[in-house]
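Chemist: A single structure is presented below for examination.
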Amino acid sequence: MFPALTKYRHAFLIGLQSNIVYRWTFGVRAVFSVFHLAFVFILWGAAYKGQATIGGFDLNQTLTYFVVLLLMQFFIGAFNEDYQISEEIRNGLINQFLLKPINYYLYRFSIFVAARLVSGLLALVPLLFAFPLLRDYLVFPDETWRILLGVPAALMAAIIQFTIAYCFGLLTFWFLEIQSFVILSLAIETVLGGQMFPLDLMPAWFFRISQFLPYYYQMYFPSAIFTGRLDQAQAIEGLALQLFWVIALLGIANFLWRRGLRRHTAVGG
Amino acid sequence: MSLLSYLRIWLACARYSVVRTMMFRFDFIMWSLVEFLWMAVNLLLVAVIYAHTDEIAGWSQYEMLLLVGTSMLVQRFIMGFFWSNLFEFARNVRSGHFDFFLAQPGNPLFMVSTRKLDLDGLANTVVAVGVIIYAVRQLGLEPSLLQIGSYVLMIGCGILIHYGALLAIVSLTFWLGASQGIEGSYFTLMEFSRLPREAFRGAANLIFVWLLPAVVVSNVPARTLLHGFEPQHLLWLAVTTAVWFALGVTVFNRGLRRYASASS
C-alpha cells in the first residue's frame, strides 16, 4: 500500500513545481476574480437598496457567500485539467502511462491537488489586500457542525470537479476538439453550481431538482454549508447525495477510460 | 494603398471566413450555441434578481434588460470582428509569427485586426438585437428616428471604444512577452458595462464610470432609447471614443517599435 502511495507523492511534488511556474497566470486570474467580486458587490448592493433581505438572507450574508465561492474556486475548482488531459491524449504522451504500473486517474488527481494548493494560496494574496474593504461585510454563522460537515463536502466537491473535467478530457478519444463541449458545460455549471447567484433564490421546484444534479455539489453545496444557507438536515441529506455522485462519476470515468483505450491508436508519443 | 484596396482585402478575408465556416459547420453551430448559452446565463441573472426586487439603482427589469442587451450587442460585434484576430496577434508576437504581418504591404494594424471574421459571434448579434427590441416593446417605448439613429451611432462608438481598450491590453504583449492571460482583463472590465451607472458610488464611480470606459459604452445608448437624445451624453461618448481609440493605436505603435521578432 505505502510504496504505491510514494509514486503519487512524487507526482504531487512534481505537480507542485510545475504549477509554481504558472504562479503569474494564477496570480493574474486571482486579481481578475477580485474585480469580479467588485461587480458582485455593486450589483447586489444596488439590488438590496430598499429591502433588508432577499430570499431570507441579508446583503452581508449574500456577499460572504460570493467571497467563499471565490476561495472555493481557487482551492477546489477544476481549471484546465480537461484541456491538459485532452492534450496528453492527442500528442500521444498518454502512451507512456499505459506501459507503467501507474493509475492515470490517480496520477492526474495528484497533480490536480498540487495545482489547487498553489492556486488557492495565490488567490489569498489579492484577497488579503482587499480584506480591509471586505472585513465589514463578512458574516459567518458560528455553529461547529458547519465546519464538520462543510470540510468533507468541500473535499468531495473537489473530487467531483476533477472527475467531471477528467471525463471531458477523455472525450478526446472520440472527438478531436473538446473546447466547445467544455465551455458549454461551464455555462450550465455556472448556473447550476450557484456561481451566478445563490441557487436558493431560484423557485423551490428548481432548487429541489438542482439538488439531484452533480453541479449543485461542485460549488454551491460546500459554500452554502459554510455561509449558513443550508440547515443541518439539508446538509446531511446533501452529503449522502454528494457521495452518490462521487461514486457515479468515478464509475463513468472508469467506463470512459476503458472504452476510450479500445479506440486509442497511440499516435505519436 | 488606397481605401478601396483595403476594402478589397477586407472583403477577401470575409469571403474566406465564410467559406471556412461552411467547411466546419458543426464547430460553427457549437460555438454559436456556447455564446448563446452564456448570454442566456446573464439574462437569467437579471430575471432572478428581479424576482426578488423591483428595481436596481432605479432601473426597472425591462430597462435593465435593455442595458444588458446593449452591452451584449457591442460585445458580440467585438467577438465577431476583432476578438480572435487580436488574441492571435498577441500569440503571434510571442511566437515571432508576427513577422509575417509586418512583411505584408499594408498597415500592420489593419492587417492584424481584420484577418478573419467569427460568424458565430455575428450570428448572436441577432439574439442581442432581439433582446433589445423585446425590452423596448415591454417598456412601451416608441423611439423617434433621431433616437434610433443616435443609438446606432453610439453602438458604433461602443465598438471603437471596446476595440481600443482590447488593442491597448493585447499590445502590452510587446512588453510582457510571456502569456499571463492578460486578455482576460478585457472580459473582467466589460462585465461592468452590464450595470447601471447609478449603482456606482465613491471609488467605483471614479474608476468604472470616469477612468475606464466600461459604463459609458452601454449606459449612454440605453439611456438614449429610454429618456431621449441628450447631447451632453453624446459628447461624453464621443470624447471617450476618441481617447480610447487613440490610446489603443498609440500603445500598439509604441509596442511595434519595440518588437524585435522571436526565435523561429
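The values are calculated or read from the model by the stated rules, or taken from the named source; none is laboratory data. These numbers come from a predicted model, not from an experiment. For neighbour counting, all protein chains shown are included, and Cβ atoms are generated from backbone atoms with ideal geometry for every residue, glycine included. In case anyone asks, the SASA skips ligands and DNA or RNA and just uses the protein heavy atoms, side chains included. Shrake-Rupley method; radii C 1.70, N 1.55, O 1.52, S 1.80 Å.
Chemist: Just to be sure before I move on: is B:E88 farther than 16 Å from B:Y186 by Cα, open to solvent by 30 Å² or more (accessible area, probe 1.4 Å) and either of a type in the set (A, V, I, L, M, F, W, C) or not in a loop (DSSP other than H, G, I, E, B) (or both) in the structure I sent?
Modeler: Taking the combined requirement at face value, the residue does not satisfy it.
Chemist: From the list A:T163, A:T172, which residue is at pLDDT below 95, open to solvent by less than 40 Å² (accessible area, probe 1.4 Å) and more than 14 Å from chain B (Cβ to nearest Cβ)?
Modeler: A:T172
Chemist: How many residues are touching a Pro at 6+ places or on another chain (Cβ under 9 Å) and either on the phi > 0 side of the Ramachandran plot or in contact (Cβ under 8 Å) with a residue 24 or more places away in the chain (or both) if we restrict to region B:81-101?
Modeler: Total meeting the criteria: 1.
Chemist: Being farther than 30 Å from A:L261 by Cβ, of a type in the set (G, A, S) and either open to solvent by 10 Å² or more (accessible area, probe 1.4 Å) or within 12 Å of chain B (Cβ to nearest Cβ) (or both) is the requirement here; does A:G194 meet it?
Modeler: Criteria met by A:G194.
Chemist: Give region A:46-60 a look and list any residue that's within 14 Å of chain B (Cβ to nearest Cβ) and open to solvent by 20 Å² or more (accessible area, probe 1.4 Å), or say none.
Modeler: Once the filter is applied, which keeps residues that are within 14 Å of chain B (Cβ to nearest Cβ) and open to solvent by 20 Å² or more (accessible area, probe 1.4 Å), region A:46-60 yields A:K49, A:G50, A:Q51, A:A52, A:T53, A:G55, A:G56, A:F57, A:D58, A:L59.
Chemist: Further, regarding this structure: Go through region A:33-45 and give me each residue that's within 8 Å of chain B (Cβ to nearest Cβ) and either in contact (Cβ under 8 Å) with a residue 60 or more places away in the chain or open to solvent by 40 Å² or more (accessible area, probe 1.4 Å) (or both).
Modeler: A:F35, A:H36
Chemist: Now for a separate question. Would a scan of region B:170-186 turn up a residue that is within 22 Å of B:L65 (Cα to Cα), in contact (Cβ under 8 Å) with a residue 12 or more places away in the chain, of a type in the set (D, E, K, R) and within 11 Å of another protein chain (Cβ to nearest Cβ)?
Modeler: Checked region B:170-186: no residue is within 22 Å of B:L65 (Cα to Cα), in contact (Cβ under 8 Å) with a residue 12 or more places away in the chain, of a type in the set (D, E, K, R) and within 11 Å of another protein chain (Cβ to nearest Cβ).
Chemist: Sticking with this structure for a sec: Please enumerate the residues belonging to region A:175-185 that are free of Cβ contacts under 8 Å to residues at least 24 places away in the same chain and more than 9 Å from chain B (Cβ to nearest Cβ).
Modeler: A:F175, A:S185
Chemist: Next question, about the same structure. Here are some conditions: (1) assigned to a helix (DSSP H, G or I); (2) β-branched (V, I, T); (3) out of contact with any Pro (no Cβ under 9 Å at 6 or more places or on another chain); (4) within 24 Å of A:F35 (Cβ to Cβ). A:I111 meets all but one. Which one does it not meet?
Modeler: Exception for A:I111: condition (4).
Chemist: Hey, another quick one. Which of the residues belonging to region B:1-25 are touching a residue at least 24 places away in the same chain (Cβ under 8 Å) and either open to solvent by 100 Å² or more (accessible area, probe 1.4 Å) or within 25 Å of B:R194 (Cα to Cα) (or both)?
Modeler: If the condition is that a residue be touching a residue at least 24 places away in the same chain (Cβ under 8 Å) and either open to solvent by 100 Å² or more (accessible area, probe 1.4 Å) or within 25 Å of B:R194 (Cα to Cα) (or both), then B:M1, B:Y16, B:R20 are the ones that fit.
Chemist: Here are some residues: A:Y22, A:Y8, A:Y83. Which one is under 20 Å from A:A165 (Cα atoms) and within 10 Å of chain B (Cβ to nearest Cβ)?
Modeler: Exactly one of A:Y22, A:Y8, A:Y83 is under 20 Å from A:A165 (Cα atoms) and within 10 Å of chain B (Cβ to nearest Cβ), namely A:Y22.
Chemist: Among the residues that make up region B:200-208, is at least one of them more than 14 Å from every other protein chain (Cβ to nearest Cβ) and either modelled with pLDDT of 95 or more or surrounded by fewer than 22 Cβ atoms within 10 Å (Cβ to Cβ) (or both)?
Modeler: No, region B:200-208 contains no residue that is more than 14 Å from every other protein chain (Cβ to nearest Cβ) and either modelled with pLDDT of 95 or more or surrounded by fewer than 22 Cβ atoms within 10 Å (Cβ to Cβ) (or both).
Chemist: Still on this structure, I have one more. Looking at region B:140-163, which of the residues that are open to solvent by 50 Å² or more (accessible area, probe 1.4 Å) and among the hydrophobic types (A, V, I, L, M, F, W, C) is nearest to B:F252 (Cα to Cα)?
Modeler: The qualifying residue nearest to B:F252 (Cα to Cα) is B:L160.
Chemist: Does B:V34 satisfy the criteria of being modelled with pLDDT under 95, buried (at least 19 other Cβ atoms within 10 Å of the Cβ) and among the aliphatic types (A, V, I, L, M)?
Modeler: Criteria met by B:V34.
Chemist: Consider B:E191 carefully, then state whether it is of a type in the set (D, E, K, R), within 10 Å of another protein chain (Cβ to nearest Cβ) and free of Cβ contacts under 8 Å to residues at least 24 places away in the same chain.
Modeler: yes
Chemist: In the set A:V40, A:V31, which member is in a helix (DSSP H, G or I) and under 12 Å from A:L127 (Cβ atoms)?
Modeler: It is A:V31.
Chemist: Looking at (1) on the phi > 0 side of the Ramachandran plot; (2) without any contact (Cβ under 8 Å) to a residue 12 or more places away in the chain, which is the one condition that is false for B:A260?
Modeler: Checking B:A260 against (1) on the phi > 0 side of the Ramachandran plot; (2) without any contact (Cβ under 8 Å) to a residue 12 or more places away in the chain, the one that fails is (1).
Chemist: Here are the criteria: (1) open to solvent by 30 Å² or more (accessible area, probe 1.4 Å); (2) away from chain B (no Cβ under 14 Å); (3) among the polar types (S, T, N, Q). Tell me which single one A:Q211 does not satisfy.
Modeler: (1)
Chemist: Would you mind listing the helices (runs of 4 or more DSSP H) fully within region A:138-254 where at least 3 residues are under 23 Å from A:A115 (Cα atoms)?
Modeler: Filter on region A:138-254 gives A:145-170, A:179-192, A:220-226.
Chemist: If you don't mind, there's one more thing I want to ask. Could you list all residues from region B:46-75 that are open to solvent by 30 Å² or more (accessible area, probe 1.4 Å), in a helix (DSSP H, G or I) and free of Cβ contacts under 8 Å to residues at least 40 places away in the same chain?
Modeler: B:A47, B:Q61
Chemist: Anything in region B:218-241 that is open to solvent by less than 10 Å² (accessible area, probe 1.4 Å), closer than 18 Å to B:A57 by Cα and of a type in the set (A, V, I, L, M)? List them, or say none.
Modeler: B:V220, B:A222 - these are the residues of region B:218-241 that are open to solvent by less than 10 Å² (accessible area, probe 1.4 Å), closer than 18 Å to B:A57 by Cα and of a type in the set (A, V, I, L, M).
Chemist: What are the pairs, 6+ residues apart or on separate chains, where a residue within region B:26-45 that is within 14 Å of A:I183 (Cβ to Cβ) has its Cβ under 8 Å from a residue that is open to solvent by 60 Å² or more (accessible area, probe 1.4 Å) and outside any helix (DSSP H, G or I)?
Modeler: As it stands, the answer is B:D27/A:E177, since those pairs meet every condition given.
Chemist: Looking only at residues in region B:164-187 that are among the hydroxyl-bearing types (S, T, Y) and open to solvent by 20 Å² or more (accessible area, probe 1.4 Å), which one is farthest from A:V28 (Cα to Cα)?
Modeler: Going through the qualifying residues, I end up with B:S179.
Chemist: Do you know which of the residues in region A:93-106 that are in a helix (DSSP H, G or I) and in contact with a Gly (Cβ under 9 Å, 6 or more places away or on another chain) is surrounded by the most Cβ atoms within 10 Å (Cβ to Cβ)?
Modeler: Only one residue fits best here, namely A:N95.
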